[in-house]
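Derivation of every value follows stated rules applied to the coordinates shown; laboratory data play no part. No experiment lies behind these values; they were computed from the predicted model shown. Glycine also receives a Cβ, built like all others from the backbone with ideal geometry; neighbour counts cover every protein chain displayed.
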C-alpha cells in the first residue's frame, strides 16, 4: 500500500522546502523520498511522472498532484484542505 501523501525531493531545492512547509503547516502526514539520500528515488519518480520532471513531485493517495506550484494553487483555490480531510491524511 502506498503512503497517503508522497513527495519526491532533492537536496537544496527551494520548491521542495516550500512544499514540505505547506504540508507541515496543514499537519499532513507525508512520506518523503529524498533523491539525495537514495538516487533510485529519482528514477522511481520519472517512472511515475515522466522523464525530465522537476522536483518536487507530489502524490495524494496515488493521484499525481504535480509540483510545488500546483500544491500551492490547490491551497489558494481552497481545494487542498478538502483533499487532505477527505483522504484522512491530516491529523
At each listed q (0.25 Å⁻¹), what is the log10 of I(q)/I(0) that the Debye formula gives for the chain modelled as equal alpha-carbon point scatterers?
-> -1.40
To the nearest 500 deg cm²/dmol, what mean residue ellipticity at 222 nm is calculated for the chain from DSSP H runs of n ≥ 4 alone, each contributing -39,500 (n - 2.57), summed and divided by the residues?
-> -12000 deg cm²/dmol
Helix 14-25 axis, angle to the chain major axis (alpha carbon atoms, nearest 10°) = 30 degrees
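For the pair residue 47 and residue 76, what calculated FRET efficiency results from E = 1/(1 + (r/R0)^6), where r is the Cβ-Cβ distance and R0 = 35 Å, to the nearest 0.05?
Values: r = 30 Å, r/R0 = 0.85.
Rounded to the nearest 0.05, the efficiency is 0.70.
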DSSP beta bridges in the chain, what fraction antiparallel, as a percent rounded to 5?
-> 65 percent
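Quick one: which of 42-51, 59-68 comes out on top by average Cβ neighbours within 10 Å, and what's the full order, highest first?
Packing proxy ranking, top to bottom: 59-68, 42-51.
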